[in-house]
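Student: Sharing a structure here in structure tokens format.
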Amino acid sequence: HTVVVVTFLDENVPYRFKVPAAPLTLKIFKEYLPRKGNYRYFFKTNCADLDTVIQEEVSNDNDTLPMFEGKVMARVKSIE
């Protein structure tokens, strides 16, 4: 399984849940989200090029999500 921590940018408290899949794709991630809607998805990850932590946007449902310290750390931003 994969531990997921999700922050919706219009809420103060993040969600934490486990998904029985590894590696996790954006499509599977969306199926487990506590809220549905039109969103942009950003994932915390280390960037080797910049030697820092970044928020990487993922938009393709088939893409594997980046991990950060063994977890998927997501920030979800509404498109509306």
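Bear in mind that the values in this text are calculations on the coordinates, not laboratory data. What you are looking at is a predicted structure, and each value in this text was computed from that prediction instead of being measured. Here the Cβ is made from the backbone with ideal geometry for all residues, glycine too, and neighbour counts use every protein chain on show.
Student: Pairs under 7 Å by beta carbon, first residue over 16 Å from Thr2 (Cβ atoms) in region 57-78, partner surrounded by 13 or more Cβ atoms within 10 Å (Cβ to Cβ) and basic (Lys, Arg), six or more apart or different chains?
Tutor: Glu57/Arg40; Lys77/Arg40
Student: Taking the residues in region 11-34 that are more than 18 Å from Ser59 (Cα to Cα) and hydrophobic (A, V, I, L, M, F, W, C) as candidates, determine which candidate is surrounded by the fewest Cβ atoms within 10 Å (Cβ to Cβ).
Tutor: Val13
Student: With the requirement that a residue be farther than 15 Å from Val5 by Cβ and either loosely packed, with under 12 Cβ neighbours inside 10 Å or among the basic types (Lys, Arg) (or both), what does region 36-49 give you?
Tutor: The initial filter retains those residues of region 36-49 that are farther than 15 Å from Val5 by Cβ, namely 36-40, 46-49.
The answer is Lys36, Gly37, Asn38, Arg40, Ala48, Asp49.
Student: Something else now. Go through region 50-80 and give me each residue that's surrounded by 10 or more Cβ atoms within 10 Å (Cβ to Cβ) and touching a helix residue (DSSP H, G or I) at 6+ places or on another chain (Cβ under 9 Å).
Tutor: The answer is Val58, Asp61, Asp63, Thr64, Leu65, Val72, Ala74.
Student: If you take the residues in region 1-48 that are of a type in the set (Val, Ile, Thr) and free of Cβ contacts under 8 Å to residues at least 60 places away in the same chain, which one is nearest to Leu65 (Cα to Cα)?
Tutor: Filtering region 1-48 down to residues of a type in the set (Val, Ile, Thr) leaves 2-7, 13, 19, 25, 28, 45.
From what's left, free of Cβ contacts under 8 Å to residues at least 60 places away in the same chain: 13, 19, 25, 28, 45.
Working: Val13: 22, Val19: 13, Thr25: 6, Ile28: 10, Thr45: 10 Å.
It comes out as Thr25.
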